[in-house]
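All remarks here apply to the structure that follows.
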Amino acid sequence: MSEKLDRLAACLEKKFKGRLQGLTQECGEITLQVAPGDWHPLARMLRDDPELRFEMLVDVCGVDYMAYGVTEWATETSSSEGFSRGVEEATFGRFTFDEAPDAGQHQGPRFAAVYHLLSISHNHRLRVRCFCPEDEFPTVPSVVEIWSSANWFEREAFDLYGIIFEGHPDLRRILTDYGFVGHPFRKDFPLVGHVEMRYDPEQQRVIYQPVTIEPRVLVPRVIRNDHRYLDDSAEETSADA
Amino acid sequence: MPEIRNYTLNFGPQHPAAHGVLRLVLEMDGEVVQRADPHIGLLHRGTEKLAESKPYNQSIGYMDRLDYMSMMCNEHGYCLAIERLLGIEPPLRAQYIRVMFDEITRILNHLLWLGTHALDVGAMTMFLYCFREREDLIDCYEAVSGSRMHATYYRPGGVARDLPGTMAQYQPSRWKSKADVAVLNQDRQGSLLDFIESFTERFPTKVDEYETLLTENRIWRQRTVGIGVVGPERALQLGFTGPMLRGSGVEWDLRKKQPYAAYDRLDFDIPVGVNGDSYDRYLVRMEEMRQSNRIIRQCVEWLKNNPGPVRLDDRKIMAPPREEMKADMESLIHHFKLFTEGYCVPAGESYAAVEHPKGEFGVYMISDGANKPYRVKVRPPGYVHLSALDEMSRGHMLADVVTLIGSLDIVFGEIDR
C-alpha cells in the first residue's frame, strides 16, 4: 500500500513540478496544496492524465482555520499554586454574537477548500487543499465543469463558510433557511446561532427573534502534548532545551 | 386557443413519497418534467458544527442520526477516521462484530428502501413484508446496544461491549396468547449469535418472496425499466457510489477495493447492473441483500469459534471495565479523565470511507491535537445522488419522479446533516 502511495507521490511531483505549494503524506493519504490560480489546469490534468485519472470528485469541504490550536485550559504552564483550574472561554460554543472569539495560532489564509479525489481505474485517493487568498472575500475557482459532482458541494461550502467559487453556474445557499444571514460554520459564528423561530399566538404567525438560550459547553477544549504522539525529532529538541 | 405555458409544481416537503422533508420545485410542461430543483436543508441540524464542540466520543451518537436508516455504518466511518488519526486498530473480534452489524444494517436499510420504494410505486404488500423482517434485525440492535435504532455501539478502538448470551423474550399479553409467544420465542432461546444464525437461514427464502412479487411483475417493470438511465461515464462524473454506481455497470465496492475491518477475510460477490436504470439498481440491491446474508453467516461462524477481547486494551483511549475501576486507583483516574475530558488526538487529518448501504460514506477529520475535533466533514452518499435528480428526471413524467426518488434511496438525515 505504501509503495503504491510513494509511486503516486513521485508521479505527482514529476508532473506538477514547481506548481505545487506542498505535498505531504500522512495516515496513508497524500495531500497536495495548490494555489487557486493553478487549481483549474491542475484539476483538469488530474482528471485526464492517463497515469492519474481521478475520475471522481468525492467531496469538497470548506475549512475555517481561524481558531486552529485554540485551547481553553492551560495544561503545561504552572504557577506557584500548581496547574490552572480555570477555564478560559475561547471557542464558538461559548459566546454569543456580541462577543468576538480568540484567534488561533494558524499562520496564513483563513479559509481553504479541501477536495477529495478518487481514481476508480487506479484505486487511488488524493486530497487537494486550496487556500483562499483573501480572508475578507474568500474565492476559489469552481471545478464544476471538470467534475459535475462539485456542484452541490461547492454550494454547501459557500453556504456554510462563505467561500465564493468563481465560475459556479448556480451558487445559491443550500442547507440553511431561506433568508438566512451569515455563514454558520465559520469559527466566529456562535453555536447557539443568532435568531430563533417560534409561533407567535398574538400575531398568529411564525416570527424570528434573537436567541434566548444561553451558550453552554460542558467540556473545555484542551490540547495535551501526549508523549506517545511525539516523534523523535520533537523529542530531541525538547531534550536539548 | 388558450396559451399553454410551463408551470411550477411544489412537490413536498409534506409529501409521502418525498421520503422525509424534500421540497422539490418542478418545472412542468404538461406532465413532463423540464427541470427539478430540490430544496434541501429542512432537517439541517449542524451535526458537524456540534461535533466540533464536543469530545470525540460524544459525537458517536450524532452519527446514528445522520442516515437514520443505516445507523451503525455511519458510526463505523466516524470511528475509522478517529482510529486512523490515533494510529490504532481494534481487536479482530471487534472488527468481525462491526462487519456483522454493518451487514445487518445493510439489510435493514435495503429492506426499508425496498418497502418504501415499492409502496411509492404502488405495491402495498411489500411494505408489510419488509417490515416483518426488519423487526428481527432491529431486535439484534436492541440486544447488543439496548436501543432499537440509534445504537451508539461502535467506539474508537472496538465496540461498546461483547455480544450478549441471551435474547429478550416475548411475554404473553392481551394481544399475544401463550401459544403465539411460544412460536415467537422459538428462535430466542440461545444467544444473539444463534438468533442471527436462524435469521440468516430463513432470510434467503424471504428475498425470494420479494422477488416473486416484484422482479417479473408487469407493473413494477413498467414503472422502473428505462427510468432514470445513467451511463457509467456519467455516473462517475456525477459522483455516484454504491448501488447507484454499480447499477450503471461500474464494478466498484470499497469492501473489495479498499477493504477495511475484516472484509478482506470474507467471501462475497459484488453484483453489477447493465443498463443503469431504476430496475437494474433494484436488482443490484436485491442481490446485495443475499450477499450480506452470506457475509453475516461467515461472521457468525467465526465469532462463535473465536472468543476474545472486543475493546482495545489501551486505557488512554478506552475506559477500563467497571469492576477494575472499583478496585484500582489508576483505572479510576483513567475513567474519570476519559469521561470528563476525553482523549486528545494527535494533530493531523484523515479521511475514512466505508461502503455504506447507500454508497461511499466518508468522514474527513481535522485535528489540531485537542480533545475535540477541529473539523468534521461528513461525505453523505445521498447528497451526491440527490444532486443528480435534476439531470435524471428531465423529460420524464411526474409519476416517474416518485420512482426516481425511491430509486436514489435518499434519507434526509444524512443529506441535510
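Things to note:
- Some residue of the range A:97-117 being at pLDDT 75 or above, open to solvent by 30 Å² or more (accessible area, probe 1.4 Å) and of a type in the set (Lys, Arg): yes
- Selection of first residues in the range B:155-172 that are at positive phi and of second residues that are acidic (Asp, Glu) and surrounded by fewer than 17 Cβ atoms within 10 Å (Cβ to Cβ), restricted to Cβ pairs under 7 Å at least 6 apart or on distinct chains, gives the following pairs, ordered by first then second residue: B:157/B:314.
- Every residue from the range B:17-69 that is of a type in the set (Val, Ile, Thr) and either free of Cβ contacts under 8 Å to residues at least 24 places away in the same chain or outside any loop (DSSP other than H, G, I, E, B) (or both): B:25, B:32, B:33, B:47, B:60
Matching residues to (1) of a type in the set (Lys, Arg); (2) within 13 Å of chain A (Cβ to nearest Cβ); (3) free of Cβ contacts under 8 Å to residues at least 60 places away in the same chain; (4) crowded, with 23+ Cβ neighbours inside 10 Å:
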position: B:334; (1), (2), (3), (4): no, no, yes, no
position: B:348; (1), (2), (3), (4): no, yes, no, no
position: B:365; (1), (2), (3), (4): no, yes, no, yes
position: B:373; (1), (2), (3), (4): no, yes, no, yes
position: B:389; (1), (2), (3), (4): no, yes, no, no
position: B:405; (1), (2), (3), (4): no, no, no, yes
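- Of all residues in the range B:164-216, those satisfying the criterion of being open to solvent by 50 Å² or more (accessible area, probe 1.4 Å) and closer than 30 Å to residue B:280 by Cβ are B:201, B:202, B:205, B:208, B:209, B:212, B:213, B:216.
- Residue check, residue B:228 outside any helix (DSSP H, G or I), more than 14 Å from every other protein chain (Cβ to nearest Cβ) and open to solvent by less than 20 Å² (accessible area, probe 1.4 Å): yes
- Once the range B:51-108 is narrowed to residues that are among the polar types (S, T, N, Q) and surrounded by 24 or more Cβ atoms within 10 Å (Cβ to Cβ), the residue that is nearest to the other protein chains (Cβ to nearest Cβ) is B:74.
- Residue A:135 among the charged types (D, E, K, R), closer than 23 Å to residue A:187 by Cα and open to solvent by 20 Å² or more (accessible area, probe 1.4 Å): yes
- Qualifying residue in the range B:90-100 (condition: in a loop (DSSP other than H, G, I, E, B) and out of contact with any Cys (no Cβ under 9 Å at 6 or more places or on another chain)): yes
The values are calculated or read from the model by the stated rules, or taken from the named source; none is laboratory data. Predicted model only: the values in this text are computed from it and were never measured. Cβ: placed from backbone, ideal geometry, glycine included. Neighbour counts: every protein chain shown. What goes into the accessible areas is simple: the full protein's heavy atoms, side chains included, and nothing from ligands, DNA or RNA. Shrake-Rupley method; radii C 1.70, N 1.55, O 1.52, S 1.80 Å.
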